[in-house]
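Participant: Starting off with a structure, shown below.
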Amino acid sequence: KKARARKNFRVFINADKPSVQNKRSSSSRQENSVRFLVGLLTGSNAACRLQAVRCLLELSHSHHSSVAAACVPSTPYLLTYLSGQSTKFTELCLYTLGNLCPADVVKNKLVAQGIIPALTNCIEIHRCNLAVVEAAGFTLSQLLQAQDAEKKLIPMVLASSLPLHLLSVLTPDPEFGLAAAIECAWCLHYLTCTESVENNRALLSHGALLKCSSLLVSLGGAVAEGNQEDGLELLIFPLVRCVGNLLCSCPVETLSSHVGDVRLAVALVALLQAYLQTQPALARECAWVLNNLTGYRF
């Protein structure tokens, strides 16, 4: 079976190459190959299921839209496995879905198949496994970058418990590192990048501004003491943008309860000074938020 899987996978990869002479035959080979992989994915042999999802993950890296469309039959099974107990298998399914969903045909299918509830359930089940949480954050961030996300996806996400789960991860783990927090911070950033004040007010009600501000205060203090861990700016960037976007929707009379005292301004100054030369784009973001923040009267 493994030999057959490899053979069919090679056929699919070859079918991914442009064929002027016989496009119909190429499409047929793609469909047959995915049908074969789906058969392995839904079978009782755990080793074959693992090989199948690895093949699908490799295919999901293709830049050809026809490959993503051909993989659509696998998506309901990939979603089902998100509630499984095997963390490694779940992680592979998540990254496969995340790579496929930028294609509109796949994204629309996934939304109809219930990817938002599936991701919510997945994070609830695997919340203690930060590798899975990171993969779930990656998949969600891919979805939220769609052009129609503000109208179709963001309301669904805000109506779920996903924002609370994302906020709960904004505490970098000393052993695992920053990866999960970075992915979840970018998800929150995309959620705040809307013209809807109501959407941002919903995030404010979950304590998003207070959580992001508190973490920035901690990170600003660490950076001021010379502790600039590699990749730290990848977490600071979305956090600063979240704070800036949420500030615009925060009523002035409740601002102090959301951002605390002047420590946020102090942290922003420290971050601006630390990254002025090495990360000028990040320094500009800090200056923008600092300007907005100091425009309020506490």
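The values are calculated or read from the model by the stated rules, or taken from the named source; none is laboratory data. Everything numeric here is computed off the predicted structure, so don't read it as measured data. Counting neighbours? That spans all protein chains shown, and the Cβs are built from the backbone with ideal geometry, glycine included.
Participant: Are there any pairs with C-beta distances below 6 angstrom linking a residue in the stretch 85-97 that is over 17 Å from residue 67 (Cβ atoms) to a residue that is aromatic (Phe, Trp, Tyr), with the two at least 6 apart or on different chains, and if so which?
Facilitator: That search, which allows pairs on different chains as well, returns 93/81.
Participant: For the structure I just gave you, tell me whether residue 254 is part of a loop (DSSP other than H, G, I, E, B) and among the polar types (S, T, N, Q).
Facilitator: In short, no.
Participant: Moving on. For residues that are in contact with a Cys (Cβ under 7 Å, 6 or more places away or on another chain) and of a type in the set (A, V, I, L, M), tally how many sit in the stretch 133-176.
Facilitator: The total comes to 7.
Participant: Quick check on this structure: which one of 53, 72, 133 is out of contact with any Ser or Thr (no Cβ under 7 Å at 6 or more places or on another chain) and over 27 Å from residue 185 (Cβ atoms)?
Facilitator: 72
Participant: Quick check on residue 67: is it more than 23 Å from residue 146 (Cβ to Cβ) and either at pLDDT below 95 or not assigned by the TED database to the domain that holds residue 132 (or both)?
Facilitator: no
Participant: Out of all the residues in the stretch 205-223, which are among the small types (Gly, Ala, Ser) and in a loop (DSSP other than H, G, I, E, B)?
Facilitator: Passing the criteria: only 207.
Participant: Yes or no: the stretch 180-203 includes at least one residue that is out of contact with any helix residue (DSSP H, G or I) (no Cβ under 7 Å at 6 or more places or on another chain) and either surrounded by 16 or more Cβ atoms within 10 Å (Cβ to Cβ) or within 17 Å of residue 238 (Cα to Cα) (or both).
Facilitator: Checked the stretch 180-203: no residue is out of contact with any helix residue (DSSP H, G or I) (no Cβ under 7 Å at 6 or more places or on another chain) and either surrounded by 16 or more Cβ atoms within 10 Å (Cβ to Cβ) or within 17 Å of residue 238 (Cα to Cα) (or both).
The rows are residues; the columns are (1) buried (at least 20 other Cβ atoms within 10 Å of the Cβ); (2) among the charged types (D, E, K, R).
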{"position": "225", "(1), (2)": "no, yes"}
{"position": "229", "(1), (2)": "no, yes"}
{"position": "240", "(1), (2)": "yes, no"}
{"position": "245", "(1), (2)": "yes, no"}
{"position": "256", "(1), (2)": "no, no"}
{"position": "269", "(1), (2)": "no, no"}
{"position": "276", "(1), (2)": "no, no"}
{"position": "291", "(1), (2)": "no, no"}
